[in-house]
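Derivation of every value follows stated rules applied to the coordinates shown; laboratory data play no part. Just so it is clear, the model here is predicted, and its values are computed rather than measured. FYI the Cβ positions are ideal-geometry reconstructions off the backbone, even for glycines, and counts take in every protein chain you see.
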Amino acid sequence: MKLLLSCCAFLLLLAVACEPVPTTEKSAHKTTTISPSAVVDSMFAAFNAHNWTAMANCYSNDAKFLDPSIGQDFITQTHAETIEKYNGLQQAIPDIRDSIVHKYVDSNIVIVEFISKGTVEGKPWQIPICAVLTVENGKIVRDATYYDNQ
């Protein structure tokens, strides 16, 4: 019995010690805790559902983006611009989906290795991508995405 209690206490301490550092988002009625990892998971789920509005809402409205398709400098992109960009992507690759290969979390920074796949002009297409995402107050504020744009 003593061993069982010791094991339970150890597992409880281990679970508490391994909890991610959460961000807190306050609303008029309640306070919810959203980890940076959960924000990024929500963004990828919205992407795979082709719900561009929900995906854009994972970002702050003045988020900074670095994307090889846009150039070599960070730009600010609003929700409306993000929605427009991904509507265009869906027109070019209607079945586009991202599959996360690895995800690394350090405080409010989430690094995601993923494969983007779809069909282009009737042929399978895929590209490996890495994104370094910074999350503050439950929103992605910086998205540095890297892939071969050749």
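Observations on the model:
- For D95, D148, order by how many other beta-carbon atoms lie within 10 Å, fewest first: D148, D95
- Calculated P(r) of segment 60-150 - Cα pairs past 22 Å, %: 30 percent
- Only Lys, Arg (+1) and Asp, Glu (-1) charged, at Cβ; segment 22-146 dipole about Cα centre in debye: 260 debye
- For segment 134-145, the Karplus equation 6.51 cos²θ - 1.76 cosθ + 1.60, evaluated at θ = phi - 60°, returns couplings of 10, 10, 9, 6, x, 9, 7, 10, 8, 10, 9, 10 Hz by residue, with Gly and Pro reported as x.
- Interchain or long-range residues, amide H under 5 Å from K64's placed H: R142, D143
- The phi torsions of segment 53-68, fed into the Karplus equation with coefficients 6.51, -1.76 and 1.60 and a -60° offset, translate into couplings of 5, 5, 5, 4, 5, 6, 9, 5, 6, 10, 5, 9, 10, 10, 9, x Hz, rounded to whole numbers, with Gly and Pro shown as x.
- A simple count of charges around T82, restricted to other residues whose Cβ falls under 13 Å of its Cβ and scoring Lys, Arg +1 and Asp, Glu -1, yields -2.
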